[in-house]
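See below for the structure under consideration.
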Amino acid sequence: MNELSYLKNTLFSIFACGFSQIFGAVLRIFLSRRLKAEGMALYQVSLCIYSVFLTPVLCGMPIALTQFISKCRGSGRNSNISSGMVFSFKVICGLGILSGFLMFLTRRFLAISLKEPAAEYAILVLSPSIFFVALGAFAKSCFEGYSNMIPCAVSQMAESVLKLIFALIFTYIFGIFSLKYAVMGAALAITLGEALATLILFLFMIPLFKNINLFSKTEIHGEIIAYAIPVTAYAVILSSLNLLENSVIKNSLLAVRFNHDQAQRLLMTYPGFVSSFESVKNCGKLSARGANVLYGAYFGYAMTIIRFPIGLLHAFCVPFFPLASKCFAEKNTKKLRNSVSRLIKAMLLISASLSTLIIMFSPQITKIIFGSAEYSKMLIFVSPMLIILPVTNLLSTLWYAYGKTFPPFLFSFISSVLSIFLSAVFIRIPCLNILGVAVSTVISAIFEMCMFFYFTNLYIK
């Protein structure tokens, strides 16, 4: 397989990310208009549960395989790559089947636990997607390990287009019956999009299969598993914390108590949701529907906008992982530190500029995209994440390439626990309510970034 330079891989990655982010943003905007805030709350809950079951599939063996291939190529052990690929394929497929089946079995229990029983149908149609994602993750890991991002880029772009097309079709077809079925249609679009995108990846892998020896060396297994197991365990813990945080957010919204003046300000801030906030006027607290509306507006509207530039900047990290792994294998840390320094400067320049523009023009942005400026304050509060998150992702990628998986987990764990605690505190302040999520997220993210900077400078020289 032909190896591409970091610059070419980055350009392909940025182009594919930009393309998919545009179509992904169009998809989220369409869904937010079609499903409204209440439907987006159902959609978000189903995606949170989906992400928990995806975690053991995506965050262990695929990362270990990419690192293994990059290290083998950097240290001249190319003959071991085939054995590692065969072993990883078996494990990843097994995890995909097991995780998807568990999601199918527990769909109702999880939906009820998160106070969204109607999300059961979306979770049901998402469960087969986990197997397709597992197959796709294996293929992407192989291409990334060989530093060739073209197949991944083509698959990513095709996936974003297919998901949008399927969502347009199925939300209208199933939406005829009720809102929960419209959300199920949106989830079905994800499953079919993943399946076809995985098929495209495997078509690119046909030449690679011809050179693969189906019998893997047992001694290779331990090297991959030693890296994969802790990464998987850490990711499952962090994903579970994310699910807990979503539950804390909803319960905290229900616990807010408004006096008369605070209730009036809430109604004036969100005039489009007056019908959902009747309980605030009558008894000074949000109903379950009102809490869902605020939750859905924050994650469905404000976060939709902010994820777009963050996704574009993440494109720098994807090709950086195999490059960093290879540099560590070659013991060329001087070149690596120079690359990291330049990347961070470029990211900060781009993200700070975009964040400033978002803050300045947030009413116009939300008005054009969603037809209302009432979500602009949410967007302003969460905009610092555009500066913090890309840098944190890059430093985390550096640690994973270094082979040290515990420090990034520890920093993320501390940040997640802090975010959950602060959310429970800030959301209960009536003048903040849902904005408390943004405040707690930004504070915890700044703390996490500072930890990454300090320990990276201390240990990676």
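Give me the residue from segment 416-447 that is of a type in the set (Val, Ile, Thr), more than 21 Å from the chain's Cα centre (by Cα) and part of a loop (DSSP other than H, G, I, E, B) and, out of that set, nearest to GLY300 (Cα to Cα).
First, pick out the residues of segment 416-447 that are of a type in the set (Val, Ile, Thr): 417, 420, 425, 427, 429, 434, 437, 439, 441-443, 446.
Remaining after also requiring more than 21 Å from the chain's Cα centre (by Cα): 425, 427, 429.
Next cut, part of a loop (DSSP other than H, G, I, E, B) only: 427, 429.
Details: ILE427: 18, ILE429: 22 Å.
By that ranking, first place goes to ILE427.
Among the residues of segment 157-171, count how many are over 16 Å from GLU38 (Cβ atoms) and either touching a Cys at 6+ places or on another chain (Cβ under 9 Å) or touching a residue at least 60 places away in the same chain (Cβ under 8 Å) (or both). So that I can check it myself, show each step before the final result.
Within segment 157-171, the subset over 16 Å from GLU38 (Cβ atoms) is 157-170.
Narrowing further to those that are either touching a Cys at 6+ places or on another chain (Cβ under 9 Å) or touching a residue at least 60 places away in the same chain (Cβ under 8 Å) (or both): 157, 159-161, 163-164, 167-168.
The qualifying residues number 8.
Considering (1) at pLDDT 80 or above; (2) more than 23 Å from THR106 (Cα to Cα); (3) surrounded by 19 or more Cβ atoms within 10 Å (Cβ to Cβ); (4) among the β-branched types (Val, Ile, Thr), say which one VAL57 fails and leave the rest.
(2)
Picking from ARG107, ARG77, which residue would you name as being surrounded by 16 or more Cβ atoms within 10 Å (Cβ to Cβ) and either of a type in the set (Lys, Arg) or closer than 27 Å to ASN292 by Cβ (or both)? Before the answer, list the steps.
On the way: ARG77 fails: surrounded by 16 or more Cβ atoms within 10 Å (Cβ to Cβ).
Unique residue meeting the criteria: ARG107.
Whether any residue in segment 448-461 is over 21 Å from ARG337 (Cβ atoms), modelled with pLDDT of 90 or more and either of a type in the set (A, V, I, L, M) or in a loop (DSSP other than H, G, I, E, B) (or both) is what I want to check.
No: zero hits.
Give me the residue from segment 235-289 that is without any contact (Cβ under 8 Å) to a residue 12 or more places away in the chain and of a type in the set (A, V, I, L, M) and, out of that set, farthest from LEU422 (Cα to Cα).
Restricting to residues being without any contact (Cβ under 8 Å) to a residue 12 or more places away in the chain and of a type in the set (A, V, I, L, M), the top hit is VAL274.
Scanning segment 321-347 for residues that are in contact with a helix residue (DSSP H, G or I) (Cβ under 7 Å, 6 or more places away or on another chain) and farther than 30 Å from ARG77 by Cβ, which turns out surrounded by the fewest Cβ atoms within 10 Å (Cβ to Cβ)?
Top of the filtered list is ILE344.
Could you say whether any residue in segment 98-118 is of a type outside the set (Gly, Ala, Ser) and farther than 28 Å from GLY39 by Cα?
Kept after step one, since they are of a type outside the set (Gly, Ala, Ser), are these residues of segment 98-118: 98, 101-110, 112, 114-117.
Now restrict to residues that are farther than 28 Å from GLY39 by Cα: 98.
Among the residues of segment 98-118, at least one is of a type outside the set (Gly, Ala, Ser) and farther than 28 Å from GLY39 by Cα, which makes the answer yes.
Among (1) modelled with pLDDT under 95; (2) more than 25 Å from LYS71 (Cα to Cα), where does TYR400 come up short?
(2)
Considering only segment 105-115, state which residues are under 21 Å from the mean Cα position of the chain (by Cα) and either among the acidic types (Asp, Glu) or more than 18 Å from TYR181 (Cβ to Cβ) (or both).
Just the residues of segment 105-115 that are under 21 Å from the mean Cα position of the chain (by Cα), to begin with: 107, 110-111, 114.
Listed by number, the residues that qualify are LEU110, LEU114.
Looking at the structure I just gave you, is THR55 under 24 Å from VAL231 (Cβ atoms) and free of Cβ contacts under 8 Å to residues at least 12 places away in the same chain?
Values: under 24 Å from VAL231 (Cβ atoms): yes; free of Cβ contacts under 8 Å to residues at least 12 places away in the same chain: no.
Here the answer is no, as THR55 does not meet what is asked.
Looking at this structure, is LEU410 within 24 Å of SER247 (Cα to Cα), modelled with pLDDT of 95 or more and part of a helix (DSSP H, G or I)?
Values: within 24 Å of SER247 (Cα to Cα): yes; modelled with pLDDT of 95 or more: no; part of a helix (DSSP H, G or I): yes.
Taking the combined requirement at face value, the residue does not satisfy it.
From the list PHE299, PHE370, exactly one residue is surrounded by 16 or more Cβ atoms within 10 Å (Cβ to Cβ), out of contact with any Ser or Thr (no Cβ under 9 Å at 6 or more places or on another chain) and touching a residue at least 12 places away in the same chain (Cβ under 8 Å). Which is it? Talk me through it step by step, then tell me what you get.
Working: PHE370 fails: out of contact with any Ser or Thr (no Cβ under 9 Å at 6 or more places or on another chain).
That would be PHE299, the only listed residue that is surrounded by 16 or more Cβ atoms within 10 Å (Cβ to Cβ), out of contact with any Ser or Thr (no Cβ under 9 Å at 6 or more places or on another chain) and touching a residue at least 12 places away in the same chain (Cβ under 8 Å).
Do we have any residue at all in segment 253-260 that's assigned to a helix (DSSP H, G or I), surrounded by 17 or more Cβ atoms within 10 Å (Cβ to Cβ), among the aliphatic types (A, V, I, L, M) and under 26 Å from the mean Cα position of the chain (by Cα)?
yes
For segment 315-348, give me each residue that is within 19 Å of LYS71 (Cα to Cα), in contact with a Ser or Thr (Cβ under 9 Å, 6 or more places away or on another chain) and not in a helix (DSSP H, G or I).
GLU330
Please specify each residue of segment 375-407 satisfying the condition of being buried (at least 19 other Cβ atoms within 10 Å of the Cβ) and assigned to a loop (DSSP other than H, G, I, E, B).
Selection gives TYR375, SER383, PRO384, THR405.
Restricting to segment 140-166, and then to whatever is more than 19 Å from the chain's Cα centre (by Cα) and small (Gly, Ala, Ser), can you tell me which residue is surrounded by the most Cβ atoms within 10 Å (Cβ to Cβ)?
GLY145
The values are calculated or read from the model by the stated rules, or taken from the named source; none is laboratory data. Computed from a predicted structure; not experimentally measured. Positions of Cβ are backbone-derived with ideal geometry, glycine not excepted, and every protein chain shown enters the neighbour counts.
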